[in-house]
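Since the structure comes first, as structure tokens, the remarks are kept for the end.
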Amino acid sequence: MRVLAIGECMAELAPTDKASDFRLGFAGDTFNTAWYLARCAPDVQVSYLTAVGDDAISEKMRAFMRESGIGDRFVQVSPNKTVGLYLISLDQGERSFSYWRGQSAARTLADDPALLADAMDNTDLIYFSGITLAILSPDSRATLLAALREARAGGKSIAFDPNLRPRLWTSDSEMTQTIMQGAAVSDIALPSFEDEAEWFNDASPEATAARYRKAGATTIIVKNGAAPVRYVKGDESGEVTVTPVKKIVDTTAAGDSFNAGVFAGHASGAAITDCIGYACALSRVVVQQRGALVSVDLSSLPKIKVT
């Protein structure tokens, strides 16, 4: 199986155990998912589509992608630009971010329709997020959505995490309207209930799933912290119980790693409940360590049951 993730990879400054010290790394919501998927499913061919600058840190980022088993064939180089930067602040495991992304080359990732078409032709599952849409200009956003719509019509599977980040949008209405446009071109939707309840006034995870189902997604998995994960797949629906974490250290990539677990199970042909169970186990390991990309002992995760 071939998976293409689309979005922005950024330079990350993550806090260490020593006060006022930070570690430089590379991360970003869809990139985090690609990174964990490459680790958990080495038989899956994972590629990333973005744009970077022509400076030293951009080349270091591309080298990191390749070292991580993520193909960079569709990483575009934009002269005189660079990559975005963010800093993580933690408060009892909950994270907040400070961003510097005004000169981020990733804002141009959808400016080449021919490259988009080529990348989507050479994959089986395409993954993007609300952040992917938020960083683009309205014209580039429309170009990406059109390419995704065409890819889906051509038999590709499209997966979407709404990942609602209001600070990236010009208005709340622009955010909510565009998110549902993303849902309309997707087969798989991976929303988080807390965000959906706040911005769409959903009364329950069932309401969130119903809204994405109405938009056009056929598989919806609603993440809900330590509460059960609600899912709908075709005519099948239900919940998967989440084993609580005793001590959460850093939730930075909780949802991103969960998505990677879902895709790993999907690539193996596992039942949706087994995909979710594996995803929960992976996310549980990730939130007990600092930073977006952390080491995972694959032997500690449940085996994916192939149907």
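Considering only residues that are among the β-branched types (Val, Ile, Thr) and surrounded by fewer than 24 Cβ atoms within 10 Å (Cβ to Cβ), look in the range 2-58 and name the one that is modelled with the lowest pLDDT.
Quick first cut of the range 2-58, residues among the β-branched types (Val, Ile, Thr) only: 3, 6, 16, 30, 33, 44, 46, 50, 52, 57.
From what's left, surrounded by fewer than 24 Cβ atoms within 10 Å (Cβ to Cβ): 16, 44, 57.
Details: Thr16: 78, Val44: 97, Ile57: 95.
Checked the range 2-58; the qualifying residue modelled with the lowest pLDDT is Thr16.
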Next item on the list: Would you check which residues across the range 130-177 are aromatic (Phe, Trp, Tyr) and crowded, with 20+ Cβ neighbours inside 10 Å and list them?
Entry: Phe160
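Quick check on this structure: which one of Gly84, Gly102, Gly53 is within 20 Å of the chain's Cα centre (by Cα) and either of a type in the set (Gly, Ala, Ser) or closer than 25 Å to Tyr278 by Cβ (or both)? Full working, then the answer.
Working: Gly102 fails: within 20 Å of the chain's Cα centre (by Cα); Gly53 fails: within 20 Å of the chain's Cα centre (by Cα).
Gly84 is the lone residue from the list that is within 20 Å of the chain's Cα centre (by Cα) and either of a type in the set (Gly, Ala, Ser) or closer than 25 Å to Tyr278 by Cβ (or both).
To keep it simple, each residue is scored yes or no on (1) among the polar types (S, T, N, Q); (2) over 20 Å from the mean Cα position of the chain (by Cα).
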{"site": "Thr219", "(1), (2)": "yes, no"}
{"site": "Lys223", "(1), (2)": "no, no"}
{"site": "Glu239", "(1), (2)": "no, yes"}
{"site": "Phe263", "(1), (2)": "no, no"}
{"site": "Tyr278", "(1), (2)": "no, no"}
{"site": "Gln289", "(1), (2)": "yes, no"}
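If you take the residues in the range 148-206 that are among the polar types (S, T, N, Q) and not in a loop (DSSP other than H, G, I, E, B), which one is farthest from Ala114 (Cα to Cα)?
Start the filter on the range 148-206 by keeping residues that are among the polar types (S, T, N, Q), which leaves 157, 163, 170-171, 173, 176-178, 181, 186, 192, 201, 204.
When the remaining residues are screened for being not in a loop (DSSP other than H, G, I, E, B), the result is 157, 173, 176-178, 181, 192.
On the way: Ser157: 19, Ser173: 30, Thr176: 28, Gln177: 26, Thr178: 23, Gln181: 22, Ser192: 33 Å.
This residue is Ser192.
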Note to self: Taking the conditions exactly as written (hydrophobic (A, V, I, L, M, F, W, C), touching a residue at least 12 places away in the same chain (Cβ under 8 Å), surrounded by fewer than 22 Cβ atoms within 10 Å (Cβ to Cβ) and closer than 21 Å to Asp29 by Cα), does Val296 satisfy them or not?
What the structure shows: yes
Item checked: Residue check for Thr108: in contact with a strand residue (DSSP E or B) (Cβ under 9 Å, 6 or more places away or on another chain) and surrounded by 20 or more Cβ atoms within 10 Å (Cβ to Cβ) -> no
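Got at least one residue in the range 11-25 being basic (Lys, Arg), within 30 Å of Gly155 (Cα to Cα) and either more than 17 Å from the chain's Cα centre (by Cα) or in a loop (DSSP other than H, G, I, E, B) (or both)? Before the answer, list the steps.
Step one: of the range 11-25, the residues basic (Lys, Arg) are 18, 23.
Those still in the list that are within 30 Å of Gly155 (Cα to Cα) too: none.
The answer is no, given that none of the residues of the range 11-25 is basic (Lys, Arg), within 30 Å of Gly155 (Cα to Cα) and either more than 17 Å from the chain's Cα centre (by Cα) or in a loop (DSSP other than H, G, I, E, B) (or both).
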Check: When the residues of the range 226-268 are filtered to those that are acidic (Asp, Glu) and either in contact (Cβ under 8 Å) with a residue 12 or more places away in the chain or assigned to a strand (DSSP E or B) (or both), which remaining residue is farthest from Ile88 (Cα to Cα)?
Finding: Glu236
Note to self: For the range 214-225, give me the residue count where each residue is within 26 Å of Ser171 (Cβ to Cβ) and outside any strand (DSSP E or B).
What the structure shows: 4
Notebook entry, point to check: When you look at Ala63, is it more than 21 Å from Ile126 (Cβ to Cβ) and in a helix (DSSP H, G or I), yes or no?
Noted result: yes
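The values are calculated or read from the model by the stated rules, or taken from the named source; none is laboratory data. Fair warning: this is a prediction, and the values are worked out from it, not measured in the lab. Neighbour counts run over all protein chains shown; Cβ positions are idealised from the backbone, glycine included.
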